[in-house]
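K.L.:
First the structure, then my questions, so here it is.
The values are calculated or read from the model by the stated rules, or taken from the named source; none is laboratory data. Predicted, not measured: the structure shown is a model, and the values here were computed from it. Because the Cβ atoms are built from the backbone with ideal geometry, glycine has one as well, and the counts that use them run over all protein chains shown. Areas reflect the complete protein model, heavy atoms only, side chains present, ligands, DNA and RNA absent. Shrake-Rupley method; radii C 1.70, N 1.55, O 1.52, S 1.80 Å.
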Amino acid sequence: MPRRPGPGTTRAPDPTSDLKWSDVTPERLWLGRRDVMAGAAALLAAPALTRPAFARIEAAPSALSTDEAPNTFEEITNYNNFYEFGWEKTDPARNAHLMTTDPWSITIDGLVERPGVYDLADVMKGQPLEERIYRFRCVEAWSMVIPWIGFQLSGLLERVGVQPGAKYVAFETLHRPNEMPGQYRTAIRWPYREGLRIDEAMNPLTILATGLYGKEMPKQNGAPIRLVVPWKYGFKSIKSIVKIRLVEEQPPTTWQQLQAGEYGFYANVNPEVDHPRWSQATERRIGAGLLAGRQETLMFNGYADHVAGLYDGMDLRALY
Ligand code: MTE
């Protein structure tokens, strides 16, 4: 059972232990736990997860990759946040097999020249796949290094044609409670939503990932296609996308809707701006072992050379 700190608790989390879901969860959501019971029954009836055979994907290496050692496939696929499948880190690996990912289509609309419902093959058509080994920093102060396979979001946006009035991109995840039992818990206003400013979306670092470790995307990591924005906290990297809309106004996002005082729209990794309930100065690298200790968190997660210019003139403290 996740623990929730008592009311008014302000101490930083124990650096030797994981932050629990309850540590980062607004009370409203926490109290809604019984909502999920119907979903739990569905899970009990589900067959045990057997590890699926993944198709290998050919992808070119990228100069944008870090040379840090990637986490193992086991770590990347067994320690996840994907609340549609449950609230514990191990729930997505156990439950994501319930999600049907084939066929899959994405509705692309709003301020675009060529709106439509594009099936996955069409979305990927002509987009050069690359392996991007990125640091990945969760707002909960843990991190990994993940060898994603994907293509630049800019390539897709150019293909569908962005109209001049478009200032933001809004994304939505699949909403299918009978396959995503966490969605029976109604405290989150499903579907999961995220958004980027258009220049963030067009930045070469921003990718739509369709795989990792040279294979198609495991379901618990957001199959068949998810966003990866490596200089922002992990919650911006929305999984299992079914809708992309180009809009004029800043779109609502799931974590901001839940707790605007704790999770902002920009959510750039920033070691100098603490979360109201814990420090963001350091992080725990998953798999590093207890003796490794915590490591310093880097401004923009180490991608400042590529993205700091996007925020010239903005108060970075206010971007949280
Ligand atoms: N996308 C959806 N649809 N649902 C989620 O719960 N969790 C986010 C993000 N994308 C989430 C999501 C959070 S909080 C994190 S840290 C990352 O996914 C985790 O990605 P990973 O499990 O592949 O490491």
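This table checks each residue for (1) open to solvent by less than 80 Å² (accessible area, probe 1.4 Å); (2) at pLDDT 95 or above; (3) within 16 Å of the ligand (Cβ to nearest atom); (4) not aromatic (Phe, Trp, Tyr).
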| residue | (1), (2), (3), (4) |
| --- | --- |
| Ala42 | yes, no, no, yes |
| Pro47 | no, no, no, yes |
| Arg51 | no, no, no, yes |
| Glu58 | no, no, no, yes |
| Phe73 | yes, yes, yes, no |
| Tyr79 | yes, yes, yes, no |
| Gly86 | yes, yes, yes, yes |
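K.L.:
Related question: Here's a check for you: in the stretch 171-198, which residue that is in contact with a Gly (Cβ under 7 Å, 6 or more places away or on another chain) and crowded, with 21+ Cβ neighbours inside 10 Å is nearest to Lys239 (Cα to Cα)?
P.N.:
Phe171
Every residue, every condition in (1) of a type in the set (S, T, N, Q); (2) crowded, with 16+ Cβ neighbours inside 10 Å, yes or no:
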{"position": "Ala267", "(1), (2)": "no, yes"}
{"position": "Ala281", "(1), (2)": "no, no"}
{"position": "Ile286", "(1), (2)": "no, yes"}
{"position": "Gly289", "(1), (2)": "no, no"}
{"position": "Glu296", "(1), (2)": "no, no"}
{"position": "Asn301", "(1), (2)": "yes, yes"}
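K.L.:
Out of Val123, Val117, report the one residue that is of a type in the set (A, V, I, L, M) and in contact (Cβ under 8 Å) with a residue 40 or more places away in the chain.
P.N.:
When all the criteria are applied, what remains is Val123.
Yes or no, residue by residue, for (1) away from the ligand (no atom under 14 Å from the Cβ); (2) open to solvent by 50 Å² or more (accessible area, probe 1.4 Å); (3) among the hydrophobic types (A, V, I, L, M, F, W, C):
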{"site": "Ser62", "(1), (2), (3)": "yes, no, no"}
{"site": "Asp67", "(1), (2), (3)": "yes, yes, no"}
{"site": "Ile76", "(1), (2), (3)": "no, no, yes"}
{"site": "Phe82", "(1), (2), (3)": "no, no, yes"}
{"site": "Arg94", "(1), (2), (3)": "no, yes, no"}
{"site": "His97", "(1), (2), (3)": "yes, yes, no"}
{"site": "Asp102", "(1), (2), (3)": "yes, yes, no"}
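K.L.:
Same structure, new question: Residue check: is Ala209 within 14 Å of the ligand (Cβ to nearest atom), assigned to a strand (DSSP E or B) and touching a Lys or Arg at 6+ places or on another chain (Cβ under 7 Å)?
P.N.:
Taking the combined requirement at face value, the residue satisfies it.
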